[in-house]
4 protein chains.
Amino acid sequence: MTVQVAVCGPGECSDEDAAAARRVGELLAARGAVVICGGGGGVMTAVAAGARAAGGLVIGVWPGDSREGASPDLSATIVTGMGEARNAVIVRSADAVISVGGSWGTLSEVALAMRRGGIPVVALGGWRVVGAGGGDVPGVRHVATPEEAVAAALG
Amino acid sequence: MTVQVAVCGPGECSDEDAAAARRVGELLAARGAVVICGGGGGVMTAVAAGARAAGGLVIGVWPGDSREGASPDLSATIVTGMGEARNAVIVRSADAVISVGGSWGTLSEVALAMRRGGIPVVALGGWRVVGAGGGDVPGVRHVATPEEAVAAALG
Amino acid sequence: MTVQVAVCGPGECSDEDAAAARRVGELLAARGAVVICGGGGGVMTAVAAGARAAGGLVIGVWPGDSREGASPDLSATIVTGMGEARNAVIVRSADAVISVGGSWGTLSEVALAMRRGGIPVVALGGWRVVGAGGGDVPGVRHVATPEEAVAAALG
Amino acid sequence: MTVQVAVCGPGECSDEDAAAARRVGELLAARGAVVICGGGGGVMTAVAAGARAAGGLVIGVWPGDSREGASPDLSATIVTGMGEARNAVIVRSADAVISVGGSWGTLSEVALAMRRGGIPVVALGGWRVVGAGGGDVPGVRHVATPEEAVAAALG
């Protein structure tokens with residue numbers, strides 16, 4: 001069974017995050033993984049472009065009611081019409097989750113992935129979650145480069 | 001933008017329906033359409049096998065919580081974890097819907113496609129819907145062969 | 001545990017269907033059942049008004065992103081933001097399903113209820129489903145009055 | 001239109017969090033707000049018990065396929081069958097969100113509420129979200145008592 005990796009991140013992002021997401025997409029495609037993303041702009045369109053450029057398959061799980069506005073680099077678009085509830089579908093479809101950058105939507109996907117459990121959840125940049133005691137809540141693997149992110153996701 | 005066609009049908013079906021579904025998958029793939037299906041057995045696995053054999057892309061929109069049990073011929077599996085609510089997602093993702101054979105789940109997809117409106121809804125075999133006056137409720141195009149189904153779906 | 005009964009029907013309906021739906025709502029409330037409906041117009045708003053007038057609880061499972069447009073007679077509104085995928089949620093929440101009148105959306109709910117199985121599915125008016133052999137597909141109980149519908153639903 | 005407030009929190013929680021959640025439920029009911037919760041254990045069952053004891057209405061938006069296991073204090077249970085995707089439905093149904101305690105599921109609800117925007121998001125205890133610069137990401141109102149939480153939610 002083909003490995004499926006979700007790549008999550010803000011719909012508007014810095015050039016640095018876009019470049020990192022694109023590289024993550026290229027690396028995942030090169031490893032033969034199917035990329036699952038939200039289908040939108042920013043990190044989502046960058047990872048889709050990277051995966052497509054490397055000959056990979058990339059599926060967008062889109063929140064809207066029609067395909068209008070979805071990234072042109074998607075191999076296929078699942079039109080959920082569910083808004084942000086689709087974040088749970090992205091996470092459930094994945095054998096590993098990589099987040100690039102930080103936003104509330106992205107954090108919801110990281111949290112849903114940790115809630116699900118049993119799969120690697122890897123963060124390249126982005127926000128941190130601090131528990132009542134003041135330290136990082138354990139579980140998310142924070143990495144510094146696209147190469148480390150893909151290695152942590154695919155083992 | 002690539003055309004996406006949903007193919008719906010019972011998870012357990014006759015040999016005749018399976019052969020028809022497989023042929024529909026082959027024809028859609030030959031026309032360059034992405035096939036969207038429910039990812040399960042019967043008509044779903046037959047259309048996936050047909051599309052895959054013809055070199056096409058086929059995405060399963062799976063009701064369960066994990067990929068276990070999904071058809072091995074899927075190019076990618078979206079694990080919705082939503083049960084039959086995923087029928088609405090299948091229908092929304094499609095530029096046309098073809099049903100092969102009849103069941104309550106299949107009928108829900110036909111009805112959701114007609115409710116959505118604006119796309120061809122094609123039935124190869126299966127059930128009929130009769131209005132208060134006694135005649136067929138208009139809208140669904142009933143056809144007799146896979147070739148007619150694909151022609152009605154893709155125009 | 002309180003009994004929950006879903007009442008489904010078109011968002012635009014005849015005066016006759018509206019009166020029947022209102023009566024169904026009154027009867028269900030009088031029996032102590034919680035009414036679940038789609039929260040919109042037509043049959044949905046009529047059943048909500050009937051249930052509320054009889055002092056019952058009625059929950060709308062609304063397809064939109066906000067409560068704007070939902071029936072004012074709802075005790076509470078669940079804002080699914082899922083469009084017609086919410087039909088599956090309505091059906092799953094019910095110990096019995098009553099449809100009043102016919103439409104494609106209503107038929108999707110009847111079909112999803114039959115697909116689920118194990119609960120009474122009762123039709124007051126509306127469409128019929130005919131199998132390949134020409135006869136009604138068995139399962140849905142067709143009744144002629146609100147009183148019969150509620151009796152069939154609650155036993 | 002009745003105000004609806006979502007109360008989120010872990011399915012297993014400390015006695016302190018349970019007492020706080022119960023008090024939040026009582027206060028919301030006393031203010032005439034409908035309580036929306038996940039329908040499960042821990043914080044969810046405590047807020048349901050508090051709202052019910054104060055004569056309020058409390059709706060559970062349940063992740064499972066049947067009502068089995070849902071809190072007995074719910075006025076009605078919406079059986080989504082969607083797993084954690086139901087977190088988005090809880091948040092969307094609310095005019096304000098209060099979280100009590102911390103967990104990944106709870107954090108997903110806080111994040112989805114902030115992603116949605118435009119409503120008060122109030123945290124009583126629980127985790128904090130820290131941005132790239134090292135400070136709290138702004139938006140969530142952290143409070144110390146049930147009274148402050150309800151005041152912040154209802155204004």
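Quick notes
- Single unsatisfied condition, A:Arg86 versus (1) within 12 Å of chain D (Cβ to nearest Cβ); (2) closer than 21 Å to D:Ser103 by Cβ; (3) buried (at least 23 other Cβ atoms within 10 Å of the Cβ); (4) free of Cβ contacts under 8 Å to residues at least 60 places away in the same chain: (2)
- Failed item in (1) within 14 Å of chain A (Cβ to nearest Cβ); (2) within 21 Å of C:Val3 (Cβ to Cβ); (3) outside any loop (DSSP other than H, G, I, E, B), with D:Gly81 passing the rest: (3)
- Hey, B:Gly131 surrounded by fewer than 24 Cβ atoms within 10 Å (Cβ to Cβ), free of Cβ contacts under 8 Å to residues at least 24 places away in the same chain and not hydrophobic (A, V, I, L, M, F, W, C) or not: yes
- Taken together, the residues in the range B:103-155 that are assigned to a helix (DSSP H, G or I) and more than 14 Å from chain C (Cβ to nearest Cβ) amount to 9.
- Single unsatisfied condition, A:Thr2 versus (1) closer than 22 Å to B:Gly60 by Cβ; (2) of a type in the set (Ser, Thr, Tyr); (3) assigned to a helix (DSSP H, G or I): (3)
- Boolean, A:Gly60 is within 11 Å of the chain's Cα centre (by Cα), over 30 Å from D:Thr80 (Cα atoms), outside any loop (DSSP other than H, G, I, E, B) and at pLDDT 95 or above: no
- Flag set for A:Arg116, criterion: surrounded by fewer than 24 Cβ atoms within 10 Å (Cβ to Cβ) and basic (Lys, Arg).
- All of (1) under 22 Å from A:Ser71 (Cα atoms); (2) touching a strand residue (DSSP E or B) at 6+ places or on another chain (Cβ under 9 Å); (3) of a type in the set (Gly, Ala, Ser) hold for B:Gly102 with one exception: (1).
The values are calculated or read from the model by the stated rules, or taken from the named source; none is laboratory data. The shown structure was predicted, so the numbers you read here are calculated from the model rather than taken from an experiment. Cβ atoms come from the backbone with ideal geometry, glycine included; neighbour counts cover every protein chain shown.
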